[in-house]
Structures are given as structure tokens and as C-alpha cells.
Amino acid sequence: MPQHVQGVIAPGKNEPVRVETIVIPDPGPGEAVVKVQACGVCHTDLHYKQGGINDEFPFLLGHEAAGVVESVGEGVTDVAPGDFVILNWRAVCGQCRACLRGRPWYCFDTHNAEQKMTLLDGTELSPALGIGAFAEKTLVAAGQCTKVDPEVSPAVAGLLGCGVMAGIGAAINTGQVGRGDSVAVIGCGGVGDAAIAGARLAGAARIIAVDIDDRKLETAKSMGATHTVNSRSTDPVEAIRELTGGNGADVVIEAVGRPETYQQAFYARDLAGTVVLVGVPTPEMRLELPLLDVFGRGGSLKSSWYGDCLPSRDFPMLVDLHQQGRLDLAAFVTETIGLGDIEQAFGRMHDGDVLRSVVVF
């Protein structure tokens with residue numbers, strides 16, 4: 001029988017979000033209903049609200065979440081009612097050419113729930129990243145549920161569903177940071193700080209944080225940065241080279257998503273070094289680089305989508321590292337809020353006042 005719950009929708013482009021009653025259908029084949037316990041406020045949700053993703057309003061926002069499986073549909077065997085799960089927005093299919101080649105983190109046919117959640121009047125909702133977790137309960141594909149140790153705090157666990165995983169994965173999975181490497185991270189918001197934490201986990205010897213906000217640079221130090229550069233007053237390319245013996249960093253992670261900062265990342269890497277783009281650009285942005293420089297500097301230019309993560313592999317591992325005291329996920333939680341506080345949380349996030357606001361149910 002369909003359930004009525006409270007959730008936060010973005011009704012139209014740049015309109016204030018509001019709390020509405022959401023209709024959650026019973027799970028169909030391959031689907032699960034999850035009782036959400038916590039959900040982080042991510043920049044991607046703000047992009048949805050601003051119309052930067054697409055125009056399929058109204059959106060049911062929220063995607064960086066953890067909770068408990070309440071019910072499952074026919075054919076679901078990987079999760080069961082009562083399981084504590086982190087929601088992921090890339091449920092791998094297991095059958096596409098990437099999966100069959102043993103690279104499921106590149107899955108080309110990820111899927112979401114088939115049924116639609118709606119408003120009371122029957123208006124269909126577009127769930128953010130196929131999740132829609134700014135709601136007391138949500139309907140997802142069962143493959144979007146990843147079981148982890150239920151002893152971990154939901155407010156902490158949910159962050160692995162998007163931003164923290166994107167940053168850590170950009171360093172470890174995409175950038176393949178190794179012991180003794182030098183790493184520069186441009187942009188020290190939640191994703192950039194997670195990349196710094198990932199570089200520290202991987203054993204990087206020198207981790208250079210770059211931002212225009214001294215507050216963010218101080219936070220980056222607490223996450224593992226060994227050096228900081230305020231690029232408002234200092235040329236970051238020259239500073240990174242100076243801090244790496246004149247060579248440039250082995251891995252430069254661009255966590256802003258702008259052509260200017262990407263060019264800085266490109267020229268701040270060592271010869272044959274790696275640039276990882278994890279910041280999300282907007283559709284109109286264009287990049288211009290001398291092709292000879294692309295050829296002459298060698299190395300790799302990579303983009304990192306969701307940190308090239310495989311949720312079934314990476315989420316439990318990172319939860320274990322957190323519980324062992326080796327990865328301080330709690331440091332990313334600046335504040336906990338209620339459903340009615342999300343519009344204000346967007347403002348604090350835009351102003352750089354928080355790493356993460358987390359809605360707790």
C-alpha cells in the first residue's frame with residue numbers, strides 16, 4: 001500500500017525549496033523502500049534547484065544518504081528489510097561491456113527504480129541522482145543500496161554516498177596516488193578535502209591544498225594537507241612547483257570544475273604527472289590548451305566520476321577505516337539540521353561556511 005511521507009522538493013528553477021507530502025509506492029521487482037536516517041546537503045542538489053542538471057522539475061532533492069531497508073520487491077536478494085545501507089547513485093548492471101570486462105565502476109547501464117514517486121495530486125517527481133533522499137522514506141533500485149556496518153553513525157555513513165567518496169576516490173582510484181607521491185588539490189570544499197584525506201590514506205608525502213579562502217585552507221590542514229596556498233594572492237602553479245623542487249606535483253586534483261583552475265592543474269603537474277578533474281563544470285564551459293603542451297608534457301588527463309568507486313567494495317572498506325580511527329569522516333559534518341532547514345543550508349554551503357550540513361531524521 002502506498003505511503004505518505006514528508007520530503008523536500010525543488011518546484012522550479014531557482015525557486016525556494018519546500019516541504020511537501022510525497023507518495024511512496026510499494027517496491028516493485030528489483031526495488032527497495034528505504035527509511036532515510038540522514039542525508040547530506042550536496043552542491044549537486046543546489047545544481048538541480050538552479051536548473052543546472054536538467055529541467056525535469058519538480059525534483060525530489062537529496063542523494064547523499066544512509067538508512068534502513070524497510071521493504072523489497074520481487075527478485076531482490078542482495079538486501080533485506082532491516083539492513084543498514086548507504087544509498088549510491090550508480091547501481092551497476094553486471095551485463096554491460098564495462099562490467100563484463102571486469103570494470104564495473106565504469107558501468108554504462110546503471111539503473112534506478114522504475115516506478116515514480118509523486119505528489120498527492122499525482123505529479124511525478126524526478127529524484128535527484130535517482131535517489132531523492134530529502135524525505136522520510138524513498139524508493140530506489142535495490143542495487144543502489146550498499147550494506148555496511150550498522151554501528152556507524154548514519155550522519156557519517158551517508159556522506160560516502162556522494163561527495164566524500166568522490167574526493168577520496170579521485171585520489172586513490174582515479175589518481176592512483178602512491179606512497180611518497182606529491183599531490184596538489186585545487187579547491188578545498190567537501191570534495192577537495194576528501195581528496196586530501198584520500199591522499200593521506202594513500203601515503204602521499206606532500207599534500208598541497210589550494211583555495212582562495214583561508215578558512216578552507218585551515219580546514220584542509222586538519223584533513224591532512226602539509227602545505228597551503230591562497231591562490232587569491234599567490235600564483236598556485238609557481239607555488240606548487242616551488243614546493244615540489246621545481247618539478248610540479250605527481251598528481252593534481254582539480255575539485256572546482258572551472259577552465260581557469262583546470263589550466264592551473266595542468267601546468268602544476270610534473271612531467272608525465274596526472275591531472276584528475278573531479279569538480280563538475282557547467283555545460284557552457286570551454287577549455288583551451290596548446291595541443292603541443294598536451295603532447296609534450298605526457299602523463300594522464302583523467303576525469304573522475306563518483307571517484308571511480310565500486311560501492312560494494314569501497315563503502316564497507318571506508319566505513320571500516322573510519323571505525324578504526326584511520327579516516328575521520330565525522331570531521332566533514334559541520335552541522336545537523338531538519339528538513340525545513342535546507343534552503344538556509346544551501347546559502348551556508350554557497351558562502352563556504354560549512355563542509356556538510358546533514359539532515360537527520
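Listed values, structure above:
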quantity	calculated
Residue that is nearest to Q50 (Cα to Cα), among those in the stretch 284-310 that are of a type in the set (A, V, I, L, M) and loosely packed, with under 14 Cβ neighbours inside 10 Å	M285
Matching option when the condition is under 20 Å from A197 (Cα atoms), loosely packed, with under 14 Cβ neighbours inside 10 Å and in contact (Cβ under 8 Å) with a residue 40 or more places away in the chain, among R326, R313	R326
Test: residue in the stretch 40-50 that is closer than 22 Å to P2 by Cα, in contact (Cβ under 8 Å) with a residue 24 or more places away in the chain and open to solvent by 20 Å² or more (accessible area, probe 1.4 Å)	no
Given (1) assigned to a strand (DSSP E or B); (2) in contact with a helix residue (DSSP H, G or I) (Cβ under 6 Å, 6 or more places away or on another chain), index of the condition G273 fails	(2)
Qualifying residue in the stretch 10-17 (condition: open to solvent by 20 Å² or more (accessible area, probe 1.4 Å), more than 22 Å from S153 (Cα to Cα) and in contact with a strand residue (DSSP E or B) (Cβ under 8 Å, 6 or more places away or on another chain))	yes
Matching residues in the stretch 52-73 - criterion: being open to solvent by 30 Å² or more (accessible area, probe 1.4 Å) and either assigned to a loop (DSSP other than H, G, I, E, B) or touching a Gly at 6+ places or on another chain (Cβ under 8 Å) (or both)	G52, I53, N54, D55, E56, F57, V68
Qualifying residue in the stretch 344-353 (condition: assigned to a helix (DSSP H, G or I), open to solvent by 20 Å² or more (accessible area, probe 1.4 Å) and within 26 Å of S182 (Cα to Cα))	no
Neighbours by Cβ (under 6 Å, 6+ apart or cross-chain): first from the stretch 177-188, closer than 14 Å to A205 by Cα and of a type in the set (S, T, Y); second assigned to a strand (DSSP E or B) and open to solvent by less than 10 Å² (accessible area, probe 1.4 Å)	S182/A249
Checking L119 against (1) of a type in the set (A, V, I, L, M, F, W, C); (2) within 20 Å of G7 (Cα to Cα); (3) within 20 Å of the chain's Cα centre (by Cα), the condition it does not meet	(3)
Any hit, the stretch 106-127, residues being over 27 Å from R348 (Cβ atoms), open to solvent by 40 Å² or more (accessible area, probe 1.4 Å), of a type in the set (S, T, Y) and modelled with pLDDT under 95	yes
Hey, Y262 without any contact (Cβ under 8 Å) to a residue 40 or more places away in the chain, under 22 Å from H47 (Cα atoms) and not in a loop (DSSP other than H, G, I, E, B) or not	yes
Meets criteria (assigned to a loop (DSSP other than H, G, I, E, B) and either open to solvent by less than 60 Å² (accessible area, probe 1.4 Å) or farther than 30 Å from Q6 by Cα (or both)) for P281	yes
Selection count where residues are open to solvent by less than 10 Å² (accessible area, probe 1.4 Å), within 21 Å of G307 (Cα to Cα) and not acidic (D, E), scope the stretch 244-267	7
Identity of the residue in the stretch 81-96, assigned to a loop (DSSP other than H, G, I, E, B) and under 23 Å from the mean Cα position of the chain (by Cα), that ends up modelled with the lowest pLDDT	R90
Every pair of residues 6+ apart whose Cβ atoms lie under 9 Å, when the first sits in the stretch 86-115 and is among the polar types (S, T, N, Q) while the second is at pLDDT below 90	T110/R90
Total residues in the stretch 131-145, condition open to solvent by less than 10 Å² (accessible area, probe 1.4 Å) and farther than 15 Å from G28 by Cβ	5
Any strands (runs of 3 or more DSSP E) falling wholly within the stretch 154-237 and containing at least 2 residues that are at pLDDT 95 or above, over 21 Å from G352 (Cβ atoms) and open to solvent by less than 20 Å² (accessible area, probe 1.4 Å)	182-186
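The values are calculated or read from the model by the stated rules, or taken from the named source; none is laboratory data. Predicted, not measured: the structure shown is a model, and the values here were computed from it. Note that we place each Cβ from the backbone using ideal geometry, even for glycine, and neighbour counts take in every protein chain shown. Each accessible area value is taken on the protein alone, full model and side chains, heavy atoms only, with ligands, DNA and RNA left out. Shrake-Rupley method; radii C 1.70, N 1.55, O 1.52, S 1.80 Å.
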